[in-house]
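The values are calculated or read from the model by the stated rules, or taken from the named source; none is laboratory data. Here the structure is a predicted model, which is why all the values come from computation and not from measurement. FYI the Cβ positions are ideal-geometry reconstructions off the backbone, even for glycines, and counts take in every protein chain you see. Ligands, DNA and RNA are stripped out before the accessible areas are found, and what is left, the full protein with its side chains, is counted by its heavy atoms. Shrake-Rupley method; radii C 1.70, N 1.55, O 1.52, S 1.80 Å.
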Amino acid sequence: MIKTKKYGALIVVSGPSGCGKDTVCNALVEQNSNYWISISCTSRIPREEEVDGIHYYFLTKEAFEDKIERNELLEYAEYNGNYYGTPRDIIEEKRSQGMNVILVIEVQGALKIKELIPDAIFIFLVPPSMDILKKRLENRGTETKEKVLARFKTAYQEINEMPKYNYVVVNDEVENAVAKIKSILTAEMCRVDRIEEVDLSTTEEVLHESLMKD
Ligand code: 5GP
């Protein structure tokens, strides 16, 4: 009776660096084959374990700026001195195939998406406490103290933007956070604005007639 839109949803996940966005979203995608995480472009230097084309498309600053010029990015932002941006075309392609697309991006980019695509679903992930966030950032051991400090400062600024999101999820345990996001998505898929068609081919008159016959 109800036909919902085939076009996939756009889910934006933000949260301070070190809060576990990637871990949570990867776990979500592993459990649901109709979700796809967008691969961003960045001018940041790859970390030791990072692979080009899997974690990011690693570009020079100049190559990134060329992409901006050619309007190939849906959104982009400068974050801690590096560019980060979402490739435009693949997002539309995946959504039109019915895939739900997840963007794991920082706040400035998320707010640009909110202007462009207001029916996207905005989820803000937070650590259980700022102390835990500090420990997670230090334990990563991938960056200098100054860089950790800069990320921590940015974290406070980002948390101030949380009210602009639709949902907040505390990442205490990855499985709990994944379960909460799944529930959010289940509810979002039932929104009336996702209805494409309501089939009322059995009219009130037909129903009335058949009831009177019995
Ligand atoms: P990291 O350097 O830790 O990989 O990422 C730094 C921040 O940039 C994270 O908050 C991450 O979610 C965000 N980010 C990654 N890709 C994009 C993107 O395409 N656009 C924007 N605006 N932010 C991104």
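Scanning region 176-207 for residues that are among the basic types (K, R) and either without any contact (Cβ under 8 Å) to a residue 40 or more places away in the chain or under 16 Å from I102 (Cα atoms) (or both) returns K180, K182, R191. Among the residues of region 75-89, is any within 21 Å of T154 (Cα to Cα), outside any strand (DSSP E or B) and within 14 Å of the ligand (Cβ to nearest atom)? Yes, region 75-89 contains a residue that is within 21 Å of T154 (Cα to Cα), outside any strand (DSSP E or B) and within 14 Å of the ligand (Cβ to nearest atom). Residues in region 153-175 that are assigned to a loop (DSSP other than H, G, I, E, B) and in contact (Cβ under 8 Å) with a residue 24 or more places away in the chain: E161, Y165, N166, N171, D172.
Would you kindly identify the strands (runs of 3 or more DSSP E) lying entirely within region 1-73 that contain at least 1 residues that are within 14 Å of T86 (Cα to Cα)?
Numbers: elements: 2-4, 10-14, 35-37.
Filter on region 1-73 gives 10-14, 35-37.
Take the conditions (1) free of Cβ contacts under 8 Å to residues at least 24 places away in the same chain; (2) within 13 Å of the ligand (Cβ to nearest atom); E69 misses just one of them, which is (2). Among the residues of region 19-57, those that are out of contact with any Pro (no Cβ under 9 Å at 6 or more places or on another chain), among the small types (G, A, S) and modelled with pLDDT of 95 or more comprise A27, S43, G53. Go through the residues of region 20-27 one by one and say whether even a single one is over 15 Å from N100 (Cβ atoms) and near the ligand (Cβ under 10 Å from one of its atoms). Taking every residue of region 20-27 in turn, at least one turns out to be over 15 Å from N100 (Cβ atoms) and near the ligand (Cβ under 10 Å from one of its atoms). A Cβ distance below 9 Å, combined with a sequence gap of six or more or placement on separate chains, defines the contacts here; from region 26-49, residues that are farther than 18 Å from G109 by Cα and among the basic types (K, R) reach residues that are in a loop (DSSP other than H, G, I, E, B) and open to solvent by 40 Å² or more (accessible area, probe 1.4 Å) in the pairs R47/H55; R47/T142; R47/E143. In region 47-68 there is at least one residue matching the filter, namely being of a type in the set (S, T, Y) and within 25 Å of K153 (Cα to Cα).
Of the residues making up region 191-214, those that are touching a strand residue (DSSP E or B) at 6+ places or on another chain (Cβ under 9 Å) and open to solvent by less than 100 Å² (accessible area, probe 1.4 Å) number 5.
Residue count for region 43-85 satisfying the condition of being under 22 Å from A150 (Cβ atoms), hydrophobic (A, V, I, L, M, F, W, C) and in contact with a Gly (Cβ under 6 Å, 6 or more places away or on another chain): 1.
Answer with yes or no whether A150 is outside any strand (DSSP E or B) and at pLDDT below 90. Judged against the criteria, A150 is a match. Going through region 106-144 one residue at a time, which ones are assigned to a helix (DSSP H, G or I), over 17 Å from the mean Cα position of the chain (by Cα) and within 17 Å of Y79 (Cα to Cα)? Result: L137, single match.
Here P118 meets the list (1) open to solvent by 80 Å² or more (accessible area, probe 1.4 Å); (2) modelled with pLDDT of 95 or more almost entirely, failing just condition (2). Restricting the first member to region 126-152 and to residues that are surrounded by 13 or more Cβ atoms within 10 Å (Cβ to Cβ), and the second to residues that are among the β-branched types (V, I, T), the beta-carbon pairs closer than 6 Å and six or more apart or on different chains are V126/V170; L137/V148.
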